[in-house]
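To start, the structure under review is shown below, and the notes come after it.
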């Protein structure tokens with residue numbers, strides 16, 4: 001038990017300060033590119049690495065990875081630290097330790113692209129979860145349309161019975177501008193048109209995950225900043241810094257969800273729920289609140305965002321109804 005406690009204490013100490021910079025050697029190098037003599041690992045004039053060596057399969061593989069932004073130790077170190085010490089890592093980056101870590105926005109777009117590849121079939125079951133999500137969404141909307149739409153036989157019967165009773169066709173006033181329109185039972189109803197618009201919106205969101213995620217981050221960062229800008233660790237936190245922190249936390253969540261989607265395709269809901277729960281850890285480490293206060297502030301931020309979203313939706317619906325009355 002004592003050994004486990006000691007290992008845990010060492011791990012906690014590593015989380016807070018994991019990096020030990022190696023001292024420069026006294027060995028002199030001559031840059032192969034510009035001919036500058038220097039001490040250290042890189043040329044101070046052009047940035048050329050001191051130890052180049054001959055090409056091998058390892059160096060060729062690293063060059064291949066570099067095309068995708070993965071051929072440097074910063075990416076692997078960033079992934080490791082985002083999984084083991086996310087909040088401390090983000091705080092180090094905001095405090096200026098930027099050369100040690102992969103840039104947040106570049107990492108964001110690379111991880112989103114990787115997640116799309118995994119969801120498109122690059123997983124252990126070769127299952128295309130994107131198409132599956134589209135089909136499920138369209139089927140759900142079609143079920144709603146089926147339940148709310150009157151079939152043609154029933155509609156004709158309603159029209160016939162009503163005509164026999166009152167002796168005239170059904171006339172419905174659809175606007176306030178003195179224009180009356182006859183109901184077209186065989187045509188598309190307003191509900192059908194709305195559901196088609198919703199289907200297009202859902203498909204657009206699925207096809208543009210990167211843009212949607214980026215816009216969602218910008219929106220989410222504002223209420224989070226309002227609740228976390230006064231904190232023990234970064235008392236003068238700026239909105240831009242909060243946004244960068246949210247990008248890194250999203251990268252952590254994407255790593256978890258992508259790994260889960262690769263090994264457990266079809267379990268996206270449970271994996272995403274796990275990533276959301278784990279996102280509490282970097283928030284606690286970054287800002288220095290207790291878990292209880294961190295969770296309370298997160299709930300407050302999401303409640304504020306929900307209220308703002310509902311208000312916006314109500315305004316859009318009211319505007320749509322008003323425009324329909326003007327037709």
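FYI, it's all coordinate maths here, none of it is from the lab. Just so it is clear, the model here is predicted, and its values are computed rather than measured. Cβ atoms come from the backbone with ideal geometry, glycine included; neighbour counts cover every protein chain shown.
Some values worked out for this structure:
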| quantity | calculated |
| --- | --- |
| Point-to-point label distance, residue 1-residue 62, nm (Cα→Cβ direction, 7 Å offset) | 4.7 |
| Computed E for residue 36/residue 95 - FRET, C-beta separation, R0 41 angstrom, nearest 0.05 | 0.85 |
| Anisotropy class of segment 1-124 from Cα gyration tensor, a/c 1.5 cut | oblate |
| For 199, 119, order by how many other beta-carbon atoms lie within 10 Å, fewest first | 199, 119 |
| Overall form of segment 202-327 per C-alpha gyration tensor (a/c, 1.5; a/b vs b/c) | oblate |
| Taking 25, 213 and counting other C-beta atoms within 10 Å, the order from fewest to most | 25, 213 |
